[in-house]
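Take a look at the structure below.
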Amino acid sequence: MIFRFILAILFSFIVLSCSKDKKVVYKPSAKVDPFVIYKEGMDAFEINDFFYASKKFTEAELNFTNIDLAAKSAIMSSFSLYGINFYSEALENLERYLKKYPADKYVMYAHYLIAIIYFEQISDEKKDLEPLIKTNNKIDFFIKKYPDSEYAIDLKFKKDLIQNQLAAKELFVAKFYISTKKWVPAINRLKIIVEDYDKTIFIEEALHRLVEINFHLGLEEEAKKYASILGYNYNSSEWFEQSYKILNKDYTVKKIVKPNDEKSFLRKILNKIK
């Protein structure tokens, strides 16, 4: 701090001394070349120095008079911010880009990146549901607007994962209600899985829980209805056997013998290969 203070005093002394000898005349600096700035941004981007790249792309955008080049700089700045996981800043930059350059040829990439940013912020089913819903909505928007793009294929796969996450969330809440014996809200949550997420891996357990709860409440016809759906579609599953056991007390559920640990299982496979 003392060193900086001494430097400041010294700098002031030099400026004052010069001003006595010669009158200081302001001269405007030469115009900044945006192409040079953009290249600096690209050089930084290519070596993964995304923070510096973002600053340079933003600076280039402000200096480009060509709207296409300014738009390209803006979206490259967004990609740079995404590269260092500055999700909020990247999203803000992308939304600004979409408003400022709605006809730009890179708009599709902006929408795709927004969907990816939402997707990467998804946590497990026990936590906040909002990122899941936002991601699902954004992916639906993209697939509808750009159905034939290569990015739509990737997002369709991610949508399947999101559907599983949403179903997992519903099942998690349903199990909580079951543990507290709140049967009606539990049934309602399980029905959401049956009606909206029937292609997910959680459909079988949801149907079984509906059999279990309805049978417990004495609603045997409802229990049989869900058991029949489970049996018709998944009659070889573990959950069907569990449901069948509820409705048929004499039925014995088959026990699946599992290896003691993963290593012993691998050892058996190695023995066969040898």
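Just so it is clear, none of the values below were taken in a lab; they were calculated from the coordinates. Values in this document were obtained by computation on a predicted structure and should not be read as measured data. Every residue, glycine among them, receives a Cβ derived from its backbone with ideal geometry; neighbour counts consider all protein chains shown.
Quick notes on this structure:
- Overall Cα dimensions of the range 177-248, principal axis frame, Å, largest first: 30, 28, 19
- Rounded FRET efficiency, nearest 0.05, which uses the C-beta distance separating Val32 from Met108 and R0 of 35 Å: 0.70
- Relative contact order, percent, the range 83-157 [alpha-carbon distance under 8 Å, six or more residues apart]: 24 percent
- Using 0.36 nm per residue and subtracting the Cα-Cα separation, the extra length available between Trp183 and Ile153 on full extension is 6.8 nm.
- Here Lys105 is the anchor, and the aspartates and glutamates within straight C-alpha reach of less than 15 Å, apart from those fewer than 8 places off in the same chain, are Asp68.
- Alpha carbon centroid spacing (whole Å) that separates the range 81-113 from the range 138-203: 27 Å
- Note on the range 28-115: the C-alpha convex hull projects to 5.7 nm² when averaged across all orientations.
- Kirkwood Rh (inverse of mean 1/r, distinct Cα pairs), the range 77-142, angstrom: 12.3 Å
- Given Lys31/Lys56; Lys138/Lys159; Lys55/Lys99, the pairs whose alpha carbons are separated by over 18 Å: Lys55/Lys99
- Proxy reagent accessibility, fewest Cβ within 10 Å first, across Leu91, Leu62, Leu210: Leu62, Leu91, Leu210
- Equivalent-ellipsoid semi-axes of the range 80-197, from the Cα gyration tensor, Å, largest first: 33, 16, 11
- Rg of the Cα atoms in the range 128-216, relative to 2.2 N^0.38 Å, amounts to 1.26.
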